[in-house]
Amino acid sequence: MSRKTQHYPLSTDMTKVILESISDGVFTVDHQWRITSFNRAAEKITGITRKEAIGKFCCEVFRSNMCETDCALRRTMQQGVSYVDTATYIVNSEKKSIPVTVCTSLLKDENGKVIGGVETFRDMSLIEELRRELDSRYQMGDIVSKSQSMGKIIQLLPKIAESDSTVLIQGETGTGKELIARAIHDSSNRQKKPFIAINCGALPDTLLESELFGYKAGAFTNATKDKPGHFALAEGGTILLDEIGDVSAAFQVRLLRVLQERTFTPLGGTKPVKTNVRVITASNKDLESLVQKGTFRMDLFYRINVIRIDLPPLRDRKNDIPILVNHFINKLNKLKNKSISGISPTALDILMSHDYPGNIRELENIIEHAFILCQENQIEPHCLPDNLRPHLSEQKKNIINARLKSVEAQTIIDALKRNQYNRLAAARELGIHKSTLFRKIKQLGIELPRIDGRTKTAK
Amino acid sequence: MAHTIAFAVWRDRISPLFDSSQVVLVLDVENGIEINRQHVTLKMQEPSSRAGELAERGVQVLVCGAISLAFASAIESMGINIIPFVAGDINPVIRSFLNGTVQNSDFRMPGCRRKRHRRFRGGRNCAI
């Protein structure tokens, strides 16, 4: 026997009850765009009472950013087509923007005559908030981060770039000092001029001087013609003096003069040359402590320390590891024409437990290493460098685990015996909660006698 | 004393949401009398650029419908005063503004009752 579904026509009262009980806002309009009904959820989301809303133009009640330009309800009324889940935002009386999704359809009477339109809308604030939380990251150029400490720096960078002041970037090796310097240059007015980075620690004084300031023909043997230095090449742009803490005391004086007077004299030259270069300095050493030790000139320190950026090491912002790993995977996929989709959870766990003395540069090298070894779709633990992988084999791990368990079981049995199998007393002695003890007893398969320590006398 | 006031307009009424308004009616007023009016199409969408656009026109007061915090703070940071949550046909609103009654009149958006109504149930004041 086939079952027939019985349809009950909804009475007006029933419709009202349904509309009042749903969490989506619903309102209807007539052909003049005036609101004819407004349910309880609509009152709650918009903050406008039904009494105030009825009879008013829907755009002045709903106040969405599409009312004026691309109203979904107007399109529905014009085309007779329903629209589902159009995303927009409305603004409430506290000037707060509320993200909503909107569905629109025609409103017809029992004879099928169009008497207006109906719009339902859903408050998406919570979903948007959660989505933002999941996706919240700070990015500027090649710098990506989810951490608050880096976020503050990234948010400040445009202002720093605008200022044209001398910047000191401090941070351990591999924390991205050059990236920050480049990001400052790229967002400054000097972006169309050169950006030159030079490692001051790598060169002896005389060579550094000729590299930075250039030389004139005849300045020394084999100097057959003039050679411009980095300051001249970077004219109008930015120069990054990396490892500034490693330059000699004599060279610090020359640098101070350049920064103070904005002029330099090439080797073998007689006339000072004017320079318009923004100087950014970087160091992996704490310059303040070098000043206290007397190895770095105080006047130079104050000259370069106009704006200071301290980059946190990667071990202090480990929540950035997943986002950085993805960033490097995307970057290397493009460079090496591969299509690695991601990293396995086990491999990521291994990366998360490493301390990264080489910071982000080390992480990037690890991913590059994995790219060479990885034959699968995603990076697996065996693709990672040996020093990161756990040294223990599975077999050894199992043996150790079994030993640990037997020691644990013996300790529990001993404690129970000492307390005449009173579980509560044994748990107290072991310093654990009684429920933990019960769980351990079950987990370790410890068999207990029938007495439980609370029994006064055995019959 | 000369003033420049911008009214966000849409279809001869105050535009419901300034964030997406396309046109402002810029009014030059001297000693409380209108001396010039001009419809200006807003080109910028982003809050600070849009605020800059108004400031470049010398606007000192903006009369508009609803406005989000992002736009309101960008405009106020340019030293422009905002009279928000205004609704109604543009000419009566202008008259009411020139009379100095626009904030206390009935040209208020729904949900933005005047303060004296606040003690009644459902009464709500807008963030002005």
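Read-outs: derived from the displayed coordinates by stated rules, not from any lab. Quantities reported herein were computed from a predicted structural model and do not represent experimental measurements. For neighbour counting, all protein chains shown are included, and Cβ atoms are generated from backbone atoms with ideal geometry for every residue, glycine included.
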Neighbours of A:Glu162 by Cβ distance under 14 Å: Lys/Arg at +1, Asp/Glu at -1, summed charge +1
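Cα-Cα pairs above 17 Å in the stretch A:269-337: how many percent?
67
With the Cα gyration tensor of the stretch A:394-444 in hand, give its eigenvalues times 5 under a square root as the equivalent ellipsoid semi-axes, listed largest first in whole angstrom.
On the way: eigenvalues 114, 23, 12 Å².
Sorted largest first and rounded, they come to 24, 11, 8 Å.
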Using only Cα atoms, find the angle between the long axis of helix A:321-336 and the longest principal axis of chain A, and express it within 0 to 90 degrees, rounded to the nearest 10. 70
Would you mind checking A:Lys193/A:Lys338; A:Lys16/A:Lys108; A:Lys271/A:Lys293; A:Lys44/A:Lys152; A:Lys16/A:Lys95 for any pair whose Cα atoms are more than 27 angstrom apart? A:Lys193/A:Lys338; A:Lys271/A:Lys293; A:Lys44/A:Lys152; A:Lys16/A:Lys95
Provide, in order from the shortest bin, the percent of all Cα-Cα pairs of the stretch A:12-128 in each 5 Å bin, continuing until the bin that contains the maximum pair distance. 2, 12, 23, 27, 21, 10, 3, 1, 0
Give me the log10 of I(q) over I(0) for the stretch A:259-390 at q = 0.19, 0.21 Å⁻¹, as the Debye formula computes it from C-alpha points; what are the numbers? -1.00, -1.16
Local electrostatic count at A:Pro194 - Lys and Arg +1, Asp and Glu -1, tallied over other residues with Cβ under 14 Å: +3
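Tell me, what is the percent relative contact order of chain A, built from C-alpha pairs under 8 Å that lie six or more residues apart?
Numbers: 694 pairs, mean separation 45.8, N = 459.
So the answer I get is 10 percent.
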For A:Lys274, list the aspartates and glutamates whose Cα falls under 15 Å from its own Cα; do not include residues on the same chain fewer than 8 positions away. A:Glu235, A:Glu261
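Using a 10 Å cut-off on Cβ to Cβ distances, tally the other chain neighbours for every residue of B:62-74 and report the average as a whole number.
Values: counts 0, 0, 0, 6, 14, 3, 10, 5, 3, 3, 2, 1, 0.
Mean inter-chain Cβ contacts per residue within 10 Å come to 4.
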Which of A:Ile90, A:Gly25, A:Thr49 sits farthest toward the positive end of the charge dipole of the stretch A:12-128, with +1 on the Cβ of Lys and Arg and -1 on the Cβ of Asp and Glu? A:Thr49
Say each of A:Lys113 and A:Thr12 gets a label point 7 Å from the Cα, pointing the same way as Cα to Cβ; how far apart are those two points in nm? 1.5
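Kirkwood hydrodynamic radius of the stretch A:318-383 from all distinct Cα pairs, in Å?
Details: mean 1/r = 0.0854 Å⁻¹.
That comes to 11.7 Å for the stretch A:318-383.
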Output the 0 to 90 degree angle, nearest 10, between the alpha-carbon long axis of helix B:90-99 and the longest principal axis computed from the alpha carbons of chain B. 80
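Applying 1/(1 + (r/R0)^6) with R0 = 45 Å to the Cβ-Cβ distance of A:Ser406 and A:Ser353, what FRET efficiency is obtained, to the nearest 0.05?
Computed FRET efficiency for A:Ser406 and A:Ser353: 0.95.
Please label the shape of the protein assembly as shown as rounded, prolate or oblate, based on the square roots a ≥ b ≥ c of the eigenvalues of the alpha-carbon gyration tensor (a/c under 1.5 means rounded; beyond that, a/b larger than b/c means prolate, else oblate).
On the way: a/c = 2.47, a/b = 1.14, b/c = 2.17.
Oblate shape, in that a/c is at least 1.5 and b/c is the bigger or equal ratio.
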Provide, for q = 0.15 Å⁻¹, the log10 of I(q)/I(0) from a solvent-free Debye sum over equal Cα point scatterers in chain B. -0.66
Pick out, from A:Leu351, A:Leu332, A:Leu373, the residue whose Cα sits farthest towards the positive end of the charge dipole of the stretch A:318-383, with +1 on the Cβ of Lys and Arg and -1 on the Cβ of Asp and Glu. A:Leu332
Can you work out the FRET efficiency for the pair A:Leu156 and A:Ser339, with r the C-beta to C-beta distance and R0 = 56 Å, to the nearest 0.05? 0.95
So how tilted is helix A:125-135 from the main axis of chain A? Cα-based, degrees 0 to 90, rounded to 10. 30
